[in-house]
Each structure stands twice: as structure tokens, then as C-alpha cells.
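A.B. asks: One structure is given below, represented as C-alpha cells, and several questions about it will come after.
Please treat every number below as a calculation from the coordinates, not as lab data. The model shown is predicted, which means the values in this text are computed figures rather than measured ones. Glycine also receives a Cβ, built like all others from the backbone with ideal geometry; neighbour counts cover every protein chain displayed.
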Amino acid sequence: MKESILKILDELIERYPILSGQRESIVVAYRILEYSYSNNGKLLVAGNGGSAADSEHIVGELMKSFVKPRNLNIKLKEKLTSIDERLGEVLANNLQGALPAISVTGHVGLSTAYLNDCNPLLSFAQQVNGFGNEGDVFLGISTSGNSENILFALVTAKAKGMKTVGLSGRDGGKMKEYCDEIIIAPENETFKIQELHLPIYHALCLMLEERFF
């Protein structure tokens with residue numbers, strides 16, 4: 001791992017010493033994501049309530065520039081302008097490099113149809129089944145580690161040949177059984193767990209951006 005990537009992790013632990021015991025888990029989670037992205041994979045993310053907002057936040061940091069510029073490569077820029085010079089130039093100058101990520105907490109039409117027609121606890125799992133492929137990663141966020149819709153999604157992801165990462169608190173809960181790696185914020189109250197989740201996933205996004213851009 002590059003020194004510049006490790007520096008991001010070191011700075012995280014320096015600012016949040018309480019996370020020192022999770023250092024290795026963060027490294028392993030990063031390596032899972034790095035391997036998937038290196039092999040044209042993507043990330044699917046889900047959570048409930050505040051963790052649903054975190055899911056959308058993570059996708060936002062990955063799908064556009066976070067702190068580094070993500071200029072398109074010359075080949076894509078040339079293709080864009082070859083299709084239409086004016087439109088292509090606007091696209092070439094404004095589009096940014098992306099790490100493909102989807103939050104399965106949204107898609108209101110799909111999710112409400114599935115909630116109404118099928119099983120409300122399986123909406124995340126249905127989207128993991130539809131979007132997920134072998135080599136992709138599913139990140140499940142649950143402060144208790146026991147959110148049933150996250151557990152169903154994790155089982156589906158493993159059955160699809162995806163890697164699974166958990167972001168939890170307390171003792172990690174039931175989801176530990178289904179995660180290839182889990183990062184456990186060492187707190188017991190939900191809001192305190194969520195307060196630690198944000199710097200953890202920010203660090204992961206920064207590390208990935210440093211690696212690929």
C-alpha cells in the first residue's frame with residue numbers, strides 16, 4: 001500500500017484514537033474495495049435511517065471528485081468531441097472520473113413496488129440480486145449489526161459471489177457472520193456509533209481516491 005494511502009489512515013487514527021483497534025479492519029476493507037475496483041467491480045451500499053443517509057453520502061464521495069481532481073483520460077475526451085464537437089467539449093471539460101457505486105436505499109418506484117408486492121424486508125436483497133455481480137462488493141451499515149434487511153442483503157451478496165463488508169457498532173451483531181470484513185465503531189449508543197462511521201468511510205473514500213486518481 002502506498003505511503004500516501006497509509007498516511008490517510010494514520011491521520012484518521014490520530015484524530016480519532018478510539019478507532020485504533022479497528023485499524024487492521026479498515027485496511028482489510030480498503031483492500032477488498034481496491035481489488036474490486038481494480039477488476040472493474042462496483043460497490044453497493046445500504047443502511048436504515050441515518051445509515052441510509054450515510055449510504056448516499058458514500059456514493060457521493062466515490063462517484064465524483066472528493067478532494068482530488070478527477071480529469072477524464074484523453075482517449076475518452078477525444079471520443080466525446082468526435083461524436084459532437086460542442087457538446088463533447090462541454091462534457092470533456094466537466095465530467096469527472098468515478099468509482100462506480102450504488103446506494104440501494106433509493107429507487108423509490110422499485111423499492112415501493114417490491115415493498116407492496118413482496119416482502120418489505122427484502123427490498124435491499126432484491127436490488128443486490130439485480131445489480132450485483134461476482135467480484136462486486138456489498139457494504140452493509142447497521143449500528144446494531146442486527147438489521148434484518150441488511151442481513152438478507154448480505155446473504156444475497158455472498159450467494160452472488162460478492163465480497164461483503166460491514167460497518168457496525170456495539171459487538172457487531174449478527175452481521176459479523178456474513179461479512180468478509182467488519183469495522184466496528186467502539187460505542188454502544190446509536191448516535192455515537194454514527195459519529196464514528198462518518199470519519200471511517202471518509203477515510204476509505206480518500207484512500208480509494210488516492211489509489212485510483
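A.B. asks: Just a yes or no: is a residue in segment 24-39 among the aromatic types (F, W, Y), over 23 Å from T143 (Cα atoms) and under 21 Å from the mean Cα position of the chain (by Cα)? Write out each step before concluding.
C.D. replies: Restricting attention to segment 24-39, the residues satisfying the condition of being among the aromatic types (F, W, Y) are 30, 35, 37.
In the following step, the residues that additionally are over 23 Å from T143 (Cα atoms) were identified as 35, 37.
Next, only the ones that are under 21 Å from the mean Cα position of the chain (by Cα) stay: 35, 37.
Within segment 24-39, one or more residues are among the aromatic types (F, W, Y), over 23 Å from T143 (Cα atoms) and under 21 Å from the mean Cα position of the chain (by Cα).
A.B. asks: May I pose another question? What's the number of the only condition in (1) within 23 Å of L19 (Cα to Cα); (2) touching a strand residue (DSSP E or B) at 6+ places or on another chain (Cβ under 7 Å); (3) surrounded by fewer than 17 Cβ atoms within 10 Å (Cβ to Cβ) that F131 fails to meet?
C.D. replies: With (1) within 23 Å of L19 (Cα to Cα); (2) touching a strand residue (DSSP E or B) at 6+ places or on another chain (Cβ under 7 Å); (3) surrounded by fewer than 17 Cβ atoms within 10 Å (Cβ to Cβ) applied to F131, the lone miss is (1).
A.B. asks: Further question on the same structure: If we keep just the residues of segment 183-199 that are among the acidic types (D, E) and more than 22 Å from V28 (Cβ to Cβ), which is surrounded by the fewest Cβ atoms within 10 Å (Cβ to Cβ)?
C.D. replies: In this case the residue turns out to be E189.
A.B. asks: Could you please find all residues in segment 1-57 being surrounded by 15 or more Cβ atoms within 10 Å (Cβ to Cβ) and over 26 Å from K158 (Cβ atoms)?
C.D. replies: The answer is I5, I8, L9, L12, I13, Y16, L19.
Per-residue answers, yes or no, for (1) outside any helix (DSSP H, G or I); (2) closer than 30 Å to E210 by Cα; (3) under 26 Å from the mean Cα position of the chain (by Cα):
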site	(1), (2), (3)
K77	no, yes, no
L80	no, yes, no
E89	no, yes, no
G97	yes, yes, yes
L121	no, no, yes
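A.B. asks: Which residues, counting only those in segment 70-102, are surrounded by 15 or more Cβ atoms within 10 Å (Cβ to Cβ), closer than 22 Å to I58 by Cβ and either touching a residue at least 40 places away in the same chain (Cβ under 8 Å) or of a type in the set (S, T, N, Q) (or both)?
C.D. replies: The answer is R70, G97, L99, P100, A101, I102.
A.B. asks: Output the residue which, of all residues in segment 172-213 that are in contact with a Leu (Cβ under 9 Å, 6 or more places away or on another chain) and acidic (D, E), is nearest to P69 (Cα to Cα).
C.D. replies: Step by step, filter segment 172-213, then rank; the result is E209.
A.B. asks: Does segment 126-162 hold any residues that are of a type in the set (V, I, T), assigned to a helix (DSSP H, G or I) and touching a Lys or Arg at 6+ places or on another chain (Cβ under 8 Å), and which are they? Write out each step before concluding.
C.D. replies: Residues of segment 126-162 that are of a type in the set (V, I, T), as a first pass: 128, 137, 141, 143, 150, 155-156.
Okay, now just the ones that are also assigned to a helix (DSSP H, G or I), so 128, 150, 155-156.
Listed by number, the list holds a single entry, V128.
A.B. asks: Next question, about the same structure. Could you grab me the full set of residues in segment 159-182 that are within 17 Å of F138 (Cβ to Cβ) and either surrounded by fewer than 17 Cβ atoms within 10 Å (Cβ to Cβ) or over 17 Å from the mean Cα position of the chain (by Cα) (or both)?
C.D. replies: A159, K160, G161, G172, G173, K174, K176, E177
A.B. asks: Considering only residues that are in contact with a helix residue (DSSP H, G or I) (Cβ under 9 Å, 6 or more places away or on another chain), within 18 Å of S20 (Cβ to Cβ) and of a type in the set (A, V, I, L, M), which ones fall in segment 163-193?
C.D. replies: Within segment 163-193, L167, I182, I183, I184, A185 meet the criteria.
A.B. asks: Under the condition of being assigned to a helix (DSSP H, G or I) and of a type outside the set (G, A, S), which residue from segment 103-119 is surrounded by the most Cβ atoms within 10 Å (Cβ to Cβ)?
C.D. replies: Y114
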